[in-house]
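Heads up, the thing below is written out as structure tokens.
We did not get these values from a lab; they are worked out from the coordinates using the rules stated. Since the model is a prediction, treat every value here as computed from it, not as a measurement. Methodologically, a virtual Cβ is constructed for each residue, glycine included, from the backbone with ideal geometry; neighbour enumeration extends over all protein chains shown.
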Amino acid sequence: MIYQDKAIMIRQTNYSESSRIITILTENGASVPLMARGFNKPNSPFASLRQGFQNSLFTYSRHRGMGTLTEVDVIHPYRHMNTDFDLYTGASYVLEAISRVVEEEFPDKTLYDLCKVAFDRLEDGSEMYAVLSFVLIKLFPKYGAALNFDRCIQCGTYDFQKLNRYSFKFHGLLCTDCQTEDNINRSVLIENRIVYLIAFLKHVRINDLNSIDINTETAKKMFKVVEMLFQEYTGEYFKARKMLDI
């Protein structure tokens, strides 16, 4: 059977001297392994896939198991993102974080949406570390973790002017009224503005993120906090992290 899907290539591995096995994440959230015969040849019809991250229309045949790629038409080449080293590194981080939770047996449309929106925002100039923070925030539940960043874990206040400390003991925020010598063990201070931004991004729907306009210093501070919590609760570390300038 012949299929046509908008998708992003998330994995590739050499199969032979001339061919590769690739995995695409379709717009429906399905993970599809494909044999790309002749991928490595200079005149390959799939040469566009060697030019960085892209959103493309993939045509392939598949009955069950691995399919066979027959044609690729680029929809969005992400030229700016692919030619800027820092943005390319950021995109690599995004793809690594998302691809680890992609499962062939369980399609998840939100993973495709998250990847596409992140690439779109990196391409159009949104602050990179804010985009990376957004991706990690949305991936917390996919990794089986929770991000309690809406209110004080003790009294329940939503007053962001008072929320300035995260407790690893209670797994949530502590407001200034609830902080005591006994309960601030294993906690970290966080700027109110960072707390607000993280909570805001947590509740923004993926496809509603049209831009993130904050300065680089604030974005880096937010990313450090989000990444710290992500690593604490998931134990994950991404190889692309070593290339980030932070």
If one compares the long axis through the Cα atoms of helix 85-99 with the longest principal axis of the Cα atoms of the chain, the angle in degrees, nearest 10, works out at 90 degrees
Work out the length of the dipole vector of the chain about its Cα centre, built from +1 on the beta-carbon of each Lys and Arg and -1 on the beta-carbon of each Asp and Glu, and round it to the nearest 20 debye.
480 debye
State the answer as a single residue: which of M66, F46, I8 lies farthest towards the positive end of the charge dipole of region 1-103, with beta carbon charges of +1 for Lys and Arg and -1 for Asp and Glu, about the Cα centre.
M66
Which label in (1) 0.97; (2) 1.02; (3) 1.05 gives the computed Rg/Rh (Cα atoms, Kirkwood Rh)
(3)
For region 142-246, which chymotrypsin sites (Phe, Trp or Tyr not before Pro) pass both filters: DSSP loop (anything but H, G, I, E, B) and at most 13 other C-beta atoms within 10 Å?
Y158, Y237
Could you tell me how many degrees, from 0 to 90 and to the nearest 10, lie between the Cα long axis of helix 128-139 and the main elongation axis, the longest principal axis, of the Cα atoms of the chain?
90 degrees
Nearest-ten-degree value, helix 192-203 long axis tilted from longest Cα axis of the chain:
40 degrees
Can you tell me the length gained on complete extension of the stretch M243 to F106, counting 0.36 nm per residue apart and subtracting the Cα distance?
46.2 nm
Set of lysines with alpha-carbon distance to K6 below 19 Å, sequence-local pairs under 8 removed
K109, K116
Distance between Cα centroids, region 117-138 to region 177-237: provide it in whole Å.
15 Å
Pull up the cross-link candidates among the lysines for K239, meaning alpha carbon to alpha carbon under 18 Å and not fewer than 8 places away within one chain.
K224
Rounded to the nearest 500, what is the chain's calculated 222 nm mean residue ellipticity when only DSSP H runs of at least 4 contribute -39500 (n - 2.57) each, over all residues?
-10000 deg cm²/dmol
For K220, go through the aspartates and glutamates and keep the ones whose alpha-carbon is under 17 Å away, minus same-chain ones fewer than eight residues off.
D86, E127, E191, D245
Quick one: in region 127-246, what % of C-alpha pairs are over 18 Å apart?
51 percent
